1. Averaged per residue, what accessible area in Å² does the protein assembly as shown show with a 1.4 Å probe, protein chains only?
2. Taking every Cα atom in the range A:209-312, find the radius of gyration and the maximum pairwise distance Dmax, and write them in Å.
3. Of all the C-alpha pairs in the range B:57-137, what % are more than 20 Å from each other?
4. Give me the distance in nm between label points sitting 7 Å out from Cα along the Cα-to-Cβ direction at B:VAL41 and A:ASP84, one decimal.
5. State the three equivalent ellipsoid semi-axes of the range B:113-154, derived from the C-alpha gyration tensor as the square roots of 5 times its eigenvalues, in descending order and whole Å.
6. More than 38 Å apart: what percent of Cα pairs in the protein assembly as shown qualify?
7. With Cβ to Cβ distances under 11 Å as the rule, what net charge do the other residues near B:ARG30 carry (K, R +1; D, E -1)?
8. Using alpha-carbon pairs under 8 Å, 6+ residues apart, how would you state the relative contact order of chain A in percent?
Amino acid sequence: MNRVLIVAEHADGKLNAAVAKCVACATTIPDAEIRVAVLAADGTDVAAAAAGIQGVSRVLLVKNPANEPALAAVLAPQVAKLSDGAAFVLGPSTTFGKDLMPRVAALVGAPQLSDVMAVESATRFRRPVYAANAIATVEVPAGRQVVATVRVASYQAAPGGGPAPIETVAVDVELPATTRFVSVSAARSDRPDLQTARRVISGGRALGSAENFKVIQSLADRLGAAIGASRAAVDAGYAPNELQVGQTGKIIAPELYFAIGISGAIQHLTGIKDARTIVAVNKDAEAPIFEVADYGLVGDLFTLVPEIEKLL
Amino acid sequence: MRHKHGVDGMRRILVGIKRVIDFNVRVRVRPDGSGVVTEGVKMSANPFDSIALEEALRLRERGEADEVVAVSIGPNESQQQLRDALAMGADRAILVKSDAGLEPPAVARVLLELARRESPRLVLLGKQAIDDDCNQTGQMLAALWDRPQATFASKIEIKGDVARVTREVDAGLETIEVDLPAVCTTDLRLNEPRYIKLPDIMKAKKKPLDVVELSSLGVDAAPLVKVVKFEPPPQRQKGVIVKDAAELVAALKQKGLV
Ligand SMILES: Cc1cc2nc3c(=O)[nH]c(=O)nc-3n(C[C@H](O)[C@H](O)[C@H](O)COP(=O)(O)OP(=O)(O)OC[C@H]3O[C@@H](n4cnc5c(N)ncnc54)[C@H](O)[C@@H]3O)c2cc1C
Ligand SMILES: Nc1ncnc2c1ncn2[C@@H]1O[C@H](COP(=O)(O)O)[C@@H](O)[C@H]1O
């Protein structure tokens, strides 16, 4: 039996969609017995949601006011304690998981595999390196505890419908007070979430201003799509940082991706490799984005995008 | 006892500088799958590490640090990147020489050993090395050092012995406060690194660059993860160029995508 402990990401009483994808990854580990740890202030709803994911055998709920908002330095010692007896400790490759899991790994003395995209056996895994210009097959020593983050774009969420028992557990560890949450500014929008959206419309440097980004918003509204952006567009302040798609932003796998006024730098392409269909609009016929686009449209975005919108 | 201001009263910032394949290079897997092609390939400091160094220099310029020390763990050639760091403005540099590439836990242990020796008030690292794409080292160092971490920083303000850090997270921007000493990792929007000026390159030649053998540090650097092989990623099929918006929309409709 390989016990797998998955750390649940959640906010505002809602389980993050990435958790069901971690479960999907965990079910591909041979002989997996999957547990989900919910560290929260209350966590009742989150635990219930986690218990409903098929493949989960047990949910461990740790209630502590210090657990929200989540701080890696506070969660890590608790996860380390809970991971006792687990062969694998998994978290999503979101900023939450990327922040937390290496801290857990160091506390338990385990190696970490970042962005696991495939499980080949209980000791062999595949992960992207060099901005996904190479895929590495890596092997960990048998019988050694392993911490990993799951590249969520590589997995379909495990289905719901399997009620697992929820066990409230007390974790007796000292929590540091040297890290304090101050605030979070999250853009609230009615738009679909970039990481889980079926359609994404991204804009690049070519948009030229935050004002002009409305062209992107308008098409996104029309298609019920999420909005994304290249690094250049974010750096220039046309779009907020959480919309950056790419090697160092979000890795996404929508059914339909529009790259508008984006050249297609390797770091951007890393983020959209798993998109089913890519559409590119760019005035430069030589732009590298056309190498990967399923449909390319050469011309001025300010003319073409409104035209596309009108035809939909 | 932890020294608040370094062993010698210096308020020190340690900056990690990893030598990696330049971000502009299109990396190729060797035909035998043993690694990626490095012959004749441009090497540079990891871009996030240049951002870390720039931030350390700005903190020193704002009077929040007395000394900036650039550290690299890697082959002898990493001296180039450390010389660049000195030219940018670091006060001194340390190369921990190792021909074998180290995994993040081992790098973290080396940095821990240096942190013990140097007692920095801040260790600034990149959020991720663009070769292994691990995004682990800073968090691991913070855990081993039993100090706070502030990852993916887009703004760092120091007031007294506290750093207020704005972090780029999936939801937007998060602000936390950490007591120093702490580990901070940089995101892209933290700053834009300065260019190196020619006279600075000359000056940098006189700055101290200590080379120490990894084996002399007494750190366990044994690898835990074996890379079995590298493969090129599956290539996407090149698609079609449509002549106008109408043809595009028709194609998308036909495929049921819109
Ligand atoms: C360490 C590191 C990490 C990075 N991480 C990321 C990342 O995660 N995500 C990311 O996106 N980038 C990332 N980058 C940056 C990346 O290398 C590119 O600089 C960036 O993606 C370029 O953005 P862009 O395509 O919007 O801009 P540009 O490359 O400037 O492209 C603009 C495009 O718009 C076209 N255009 C101009 N005007 C019009 C018009 N009117 N109509 C139609 N087309 C027009 C041009 O032909 C051009 O192709 C990273 C870089 C580094 C060094
Ligand atoms: N060999 C190294 N030498 C110096 N710094 C390193 C080294 N490896 C990693 N780092 C630092 O740790 C950061 C994150 O690396 P990684 O965890 O490998 O993605 C890098 O941006 C560097 O600042």
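The values are calculated or read from the model by the stated rules, or taken from the named source; none is laboratory data. Since we're looking at a predicted model, the values are computed, not measured. Here Cβ is always computed from backbone atoms with ideal geometry, including for glycine, and neighbour counts include all displayed protein chains. Surface accessibility is based on the protein's heavy atoms, side chains included, excluding ligands, DNA and RNA. Shrake-Rupley method; radii C 1.70, N 1.55, O 1.52, S 1.80 Å.
1. With the other protein chains kept in place, the protein assembly as shown gives 41 Å² per residue.
2. 12.5, 34
3. 35 percent
4. 4.5 nm
5. 19, 11, 10
6. 29 percent
7. Charge balance near B:ARG30 sits at -1.
8. 14 percent
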